[in-house]
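Below you'll find the structure, written out as structure tokens, and then a few comments.
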Amino acid sequence: MKLIVLFFTALWLFGKGGEILGYLKNITLAEQVRHANGDSTVLRGEEVTAVNLTDLQLTSGFASILGLVVGLIVSLIICKKRNWHWLNPVLSSIIVYLIGWVKLGETNFIARLLRLPGEMFDGVAYYLINGLVCILLALLIFVLMAKMKYPNNYISDAKLQSA
């Protein structure tokens, strides 16, 4: 269970980092939406169309899925190296995907906290800093997991196959 929680956290961070970096597709529109704070009267201008908003949302969604897939590949490599069962990261990635699909992780405290490092910047720097912070935190979790001193018979692939 500990591994699933750690994989979930790292994969969620990879997905969130990809989502934030996906907003780099249209910085002007992303900044308008970010500074609007729910006020639709602020979202007026040439740049704000239904097509542009949809394109930005789709791009950030696909970038989130791409981040999740990259995180899954990294976690599967760690599992192979440590002789852990591959089902742990796969189950975690399914949970992360489903949480993103039903939009449970959108407005929570942690997501807002992850956007704090870039708050003093505008434009490209905001999205680069916040996206890279998420990805670096996920990589840190993976590095710490790879160096864990769990006994291999507790979570090993061989134990599950012999059962």
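Taking θ = phi - 60°, what integer Hz values does the Karplus form 6.51 cos²θ - 1.76 cosθ + 1.60 yield along segment 69-82, in sequence order, with x for Gly and Pro?
Residue by residue, segment 69-82 yields 5, 4, x, 5, 5, 4, 5, 5, 5, 5, 4, 5, 5, 8 Hz.
Can you pull a Stokes-Einstein diffusion coefficient for segment 71-142 at 37 °C (0.692 mPa s), Rh from Kirkwood over Cα pairs, as a whole number of µm²/s?
235
Going by average Cβ density within 10 Å per residue, which order do the peptides 63-73, 17-27, 77-87 take, highest to lowest?
So the peptides 63-73, 17-27, 77-87, ranked by packing, come out 17-27, 63-73, 77-87.
Using the basic label-point model (7 angstrom from Cα toward the beta carbon), what is the Thr28 to Lys147 distance in nanometres?
Label-label distance for Thr28 and Lys147, simple model: 4.6 nm.
Whole-Hz ³J(HN,Hα) for each residue in segment 4-17, computed from phi via Karplus 6.51 cos²θ - 1.76 cosθ + 1.60 with θ = phi - 60°, x for glycine and proline: what do you get?
Rounded to whole hertz, the list is 5, 5, 5, 4, 4, 4, 5, 5, 4, 5, 4, x, 5, x.
All of the numbers you see were taken from the coordinates with simple rules; none came from a lab. Keep in mind the model is a prediction, meaning the values are calculated, not measured. Neighbour counts run over all protein chains shown; Cβ positions are idealised from the backbone, glycine included.
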